[in-house]
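Data first, discussion second: the structure below is written as structure tokens.
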């Protein structure tokens, strides 16, 4: 529930930063490539009223 509320707060931002990073993941005795997606809202440099927040998806 908390993740859903934070994600809703982040994706409704006017300015949204996103990043997709590859990470190694051990799966059944071998290493595969997985992705970590990060979305960030931070309006502080633009005097925005919303608090900064980030949401991660793996």
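The values are calculated or read from the model by the stated rules, or taken from the named source; none is laboratory data. Just so it is clear, the model here is predicted, and its values are computed rather than measured. Glycine gets a Cβ as well: all are built from the backbone with ideal geometry, and neighbour counts include every protein chain shown.
Identify, by number, the condition in (1) exposed (fewer than 11 other Cβ atoms within 10 Å of the Cβ); (2) in contact with a strand residue (DSSP E or B) (Cβ under 9 Å, 6 or more places away or on another chain) that residue 9 doesn't meet.
Going through the list (1) exposed (fewer than 11 other Cβ atoms within 10 Å of the Cβ); (2) in contact with a strand residue (DSSP E or B) (Cβ under 9 Å, 6 or more places away or on another chain), residue 9 breaks only (1).
If you scan segment 28-55, which residues turn out to be out of contact with any strand residue (DSSP E or B) (no Cβ under 7 Å at 6 or more places or on another chain) and either in contact (Cβ under 8 Å) with a residue 60 or more places away in the chain or exposed (fewer than 10 other Cβ atoms within 10 Å of the Cβ) (or both)?
Hits for segment 28-55 are 28, 29, 30, 45, 46, 47, 49.
In segment 44-58, how many residues are modelled with pLDDT under 90 and either farther than 20 Å from residue 3 by Cα or not in a loop (DSSP other than H, G, I, E, B) (or both)?
So the answer is 6.
So residue 13 ticks every box in (1) part of a loop (DSSP other than H, G, I, E, B); (2) without any contact (Cβ under 8 Å) to a residue 24 or more places away in the chain but one. Which box is left unticked?
Every listed condition holds for residue 13 apart from (2).
Could you tell me whether any residue of segment 17-27 is at pLDDT below 95, out of contact with any helix residue (DSSP H, G or I) (no Cβ under 7 Å at 6 or more places or on another chain), over 14 Å from residue 56 (Cβ atoms) and not in a strand (DSSP E or B)?
Among the residues of segment 17-27, not one is at pLDDT below 95, out of contact with any helix residue (DSSP H, G or I) (no Cβ under 7 Å at 6 or more places or on another chain), over 14 Å from residue 56 (Cβ atoms) and not in a strand (DSSP E or B), which makes the answer no.
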